[in-house]
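First comes the structure, then the notes that go with it.
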C-alpha cells in the first residue's frame, strides 16, 4: 500500500501523460531572493511540480530562477493559469505567449483556466478552444481548469475536443467540495488541492483528531493532512518559503493512514470553512 502514496511517484492522467503527485505553490511569493531560494530548496528536496499563475505576478522571477539555477527544463513540471481578465479567445492566446516568454521556455507543461467567470458562457468555450490549439501547436503539453464546479465542468466536457486533465480547487479536511470531487472522479479528472493546510487555520491544524493522529505517528499535522490528500489520490500543493517546512511537507513516505484514521479526518468536512472565493457563486 505504501508505495502508492510516496512523494516520488507520478499519476497517469486521462491523456496518458504523467504528473508528479505533489507540487509546491508560489502564490504571493514575489521577491526574487525568496523565489530563487524556494526553488533551489524544493528541487533539492525532490519536488518537481511548480505551480504559478499570471495573477501571481512571479512567472518571470520563476523563469529567471530556473535559468540561474541551471535546472534542466525537462525535470520541472510547470503549471500556470489564464487570468480571469483574459477570458476571451484572443486574450487567452496572448496570455499563453506571454507566459512562455516570462517562464523562458518553449513549452508549458500545463495551463489551466484559473476561474470560470466569463461575460458570456460561450467565451468559456472559446478560451478552452485557445487552450486546445496551444496543445496542438505543442506550446502546451496538457490543459485543465481551476475553481470549476460541476456545472462549469459539464459545460467544458460537452464542448471540448481535449478533456481537462485536472481541476485545481481548494481542498482540505475542513473544506471538501464533495459534489465537484465526485464528478471529477467519475470523469477521470484529477484533483489538485490548493490551500491543503487551510492557510494554517486553527480549526484544522489545532483540531484534536488531526493532532492525535500526528502524535500517534510521530509526525506533524501538516504531514498528516498532506498524506490524507495523497491517499485520496489528490495532488497537494503546499506553499512555503521556509526550508524546514518545504522539506517536511515533502517528507511523507514511510507511513500511511489507516481507513479509520482517514474516516475520522473525513468527518471534519462538516466544519465547511472556505478560505478563498466560492466558485458556486459563478453562474454558467
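The values are calculated or read from the model by the stated rules, or taken from the named source; none is laboratory data. What you see is a predicted model; the values in this text were computed from it and never measured. FYI the Cβ positions are ideal-geometry reconstructions off the backbone, even for glycines, and counts take in every protein chain you see.
Assorted remarks:
- Exclusive hit being at pLDDT 95 or above, within 18 Å of residue 27 (Cβ to Cβ), part of a helix (DSSP H, G or I) and out of contact with any helix residue (DSSP H, G or I) (no Cβ under 6 Å at 6 or more places or on another chain), set 55, 79: 55
- In segment 18-30, residue farthest from residue 145 (Cα to Cα) [restricted to those that are in contact (Cβ under 8 Å) with a residue 12 or more places away in the chain and surrounded by fewer than 15 Cβ atoms within 10 Å (Cβ to Cβ)]: 30
- Here residue 36 meets the list (1) assigned to a helix (DSSP H, G or I); (2) free of Cβ contacts under 8 Å to residues at least 60 places away in the same chain; (3) crowded, with 20+ Cβ neighbours inside 10 Å almost entirely, failing just condition (3).
- Enumeration of residues in segment 226-252 that are in a loop (DSSP other than H, G, I, E, B) and either surrounded by fewer than 21 Cβ atoms within 10 Å (Cβ to Cβ) or without any contact (Cβ under 8 Å) to a residue 60 or more places away in the chain (or both): 232, 233, 240, 241, 242, 251
- Residue in segment 214-225 that is modelled with pLDDT of 95 or more, in a loop (DSSP other than H, G, I, E, B) and under 30 Å from residue 154 (Cβ atoms) present: no
- Here segment 182-209 is the region considered, the condition is being more than 30 Å from residue 28 (Cβ to Cβ) and outside any helix (DSSP H, G or I), and the residue that is farthest from the chain's Cα centre (by Cα) is 187.
- When segment 186-212 is limited to residues that are touching a helix residue (DSSP H, G or I) at 6+ places or on another chain (Cβ under 9 Å), touching a residue at least 40 places away in the same chain (Cβ under 8 Å) and more than 18 Å from residue 13 (Cβ to Cβ), the one that is surrounded by the fewest Cβ atoms within 10 Å (Cβ to Cβ) turns out to be 203.
- Restricting attention to segment 67-93, the residues that are more than 19 Å from residue 107 (Cβ to Cβ) and exposed (fewer than 12 other Cβ atoms within 10 Å of the Cβ) add up to 1.
- Restricting the first member to segment 255-273 and to residues that are over 14 Å from residue 175 (Cα atoms), and the second to residues that are modelled with pLDDT under 95 and in a loop (DSSP other than H, G, I, E, B), the beta-carbon pairs closer than 8 Å and six or more apart or on different chains are 256/1.
- Verdict on residue 168 being more than 25 Å from residue 263 (Cβ to Cβ) and in contact with a strand residue (DSSP E or B) (Cβ under 9 Å, 6 or more places away or on another chain): yes
- Residues that are touching a strand residue (DSSP E or B) at 6+ places or on another chain (Cβ under 6 Å) and crowded, with 16+ Cβ neighbours inside 10 Å occur at least once in segment 148-156.
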